[in-house]
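Down below is the structure, laid out as structure tokens.
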Amino acid sequence: MSEQEGGADPVPHARTRTIIRIAIGSAIVVVVLLVAGLVVRARTDRELATAARTVQSAPQRLAVIHAEPATESDLTMAATTQAMKDAIIYARTTGYIKVRYVDIGDRVTAGQLLAEIASPEIDQQLGQAQADLHQSEKNLDLQEATLELAHLTMARYNQADLEGAVAKQAVDQSVAAVRTAQAAVAAAEATVASNQANVRRLRELASFERVRAPFAGTVIQRNVDVGALITAGSPTNNTAAAPASVSGGANGLFEIAQIDWLRVFVNIPQPYAMNVRAGVPVSISVRGHLSQPVVGTVARTANAIDPATRTLLAEVDVPNQSHTLLPGMFAYVAFKIAAAGTRWRVPATAAIFDAHGTRVAIVGPGHKVHFQPVVFGRDFGASIDIQNGLRGDETIVKQPTVSLQEGQVVAPIEPQKPSGQ
């Protein structure tokens, strides 16, 4: 018992010394690794700084191109198709739709009956006008008979006056009676003519009860049905119909379009207007609809620039017997635009638009950058024409950056020529 109390256990002390040695060794390893990392980081920073100084001192590498002479180019513009003939049919008489013979999509011929309008007021007015005409004609017969009697009476009085059998006053009265009868006949003739004109007018109105097609075509809009009230010359208000016609006008009874030929209207921007004239070939395409473009020619132009849009309206007439194209389609019209005058053409990426105006960056002697003022012409999207400011032998920076400075030395990279050249 006393030996256990007086003696010390060596095992815990040994473990403590081992742990201390391990901790010291780990600390030394961490310090060594940290120092090694700092040395490597410092070396890397020095290398990066050296590389950065090298890059800064080296000329900037820039792709360059040479201006090409302006040649014939493609110009594609959005356009709208329209029927060669398009008419909105209005009612010329007031009434109710009695019969409707056609619907949308029906092919009609010129003069074909489209609908009939019941207009009892017009029919009654026509009947009354015919009765008035008959009455005025009978009144004319009466006045002519009165005139004939007045002539006979005047002749008898004149004969009796030669024999001295009647008073002079009676002779004068017979002459006045003839003149009165002549005036009455003239008034009756005028009344007959007026009534005849009224009858013709009402017969014309009655003929408008039968609505006919003005030309051969296709019914592309039908805004009425049997029983609808129609007011002469006014747009219809049929809630079951489409809100507007295909041509964009107000709704009538029907709309008829002749689509065997179509007109394609396209607005040409002012810079290209002088190159578009009657006879210029074009190709018309509708994306997602036509497998092959339709070829046509410019039929006519407005020969004037619209001051609101600065565009020239051109019309292309194209055959459409197969009805492949439809009125109202959004289409694209492609033109071949010839070069106008001596100009140069560069990629659009080479153009600079800033506070200093329109310029291009050229690489001059000593590979120094110079910003050359130029006058831009027609813009074709991927390329742009230069009207003035270049000789054509300059080396032009293809895509200048905002950091590029006047007089900066650069390393131009010429475009690679295709193999075989």
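The values are calculated or read from the model by the stated rules, or taken from the named source; none is laboratory data. Since this is a predicted model, take the numbers as computed values, not measurements. Quick reminder, even Gly has a Cβ in these numbers, built from the backbone with ideal geometry, and neighbours come from all protein chains shown. Protein only, heavy atoms only, side chains kept; ligands, DNA and RNA dropped before computing areas. Shrake-Rupley method; radii C 1.70, N 1.55, O 1.52, S 1.80 Å.
The coefficient of translational diffusion for region 354-421, derived via Stokes-Einstein from the alpha carbon Kirkwood radius under 10 °C and 1.306 mPa s, stands at 118 µm²/s. Helix 10-57 and the long axis of the chain differ in direction by around 50°, with both axes built from C-alpha atoms. Near Ser207: Cβ cut-off under 14 Å, other residues only, Lys/Arg at +1 and Asp/Glu at -1. The net charge is +2.
Once all protein chains are placed together, Ile88 keeps about 40 Å² accessible to a 1.4 angstrom probe. Accessible area per residue (1.4 Å probe, heavy atoms of protein chains only) ranks Tyr96, Tyr90 as Tyr96, Tyr90, with the largest value leading.
Per residue of region 256-273, what does 6.51 cos²θ - 1.76 cosθ + 1.60 with θ = phi - 60° give for ³J(HN,Hα)? Whole Hz please, x for Gly and Pro, Karplus curve as stated. Once rounded to whole Hz, the list reads 10, 10, 9, 10, 5, 10, 10, 9, 10, 9, 9, 9, 9, x, 3, x, 9, 4.
Counting only alpha carbon atoms, the long axis of helix 168-207 and the longest principal axis of the chain meet at about 30°.
With the gyration tensor restricted to C-alpha atoms of the chain, the semi-axes of the equivalent ellipsoid amount to 102, 38, 21 Å, longest first.
When the chain is treated as a GNM with alpha-carbon contacts under 10 Å, the residue of Ala411, Ala190, Ala206 showing the greatest mean-square fluctuation is Ala190.
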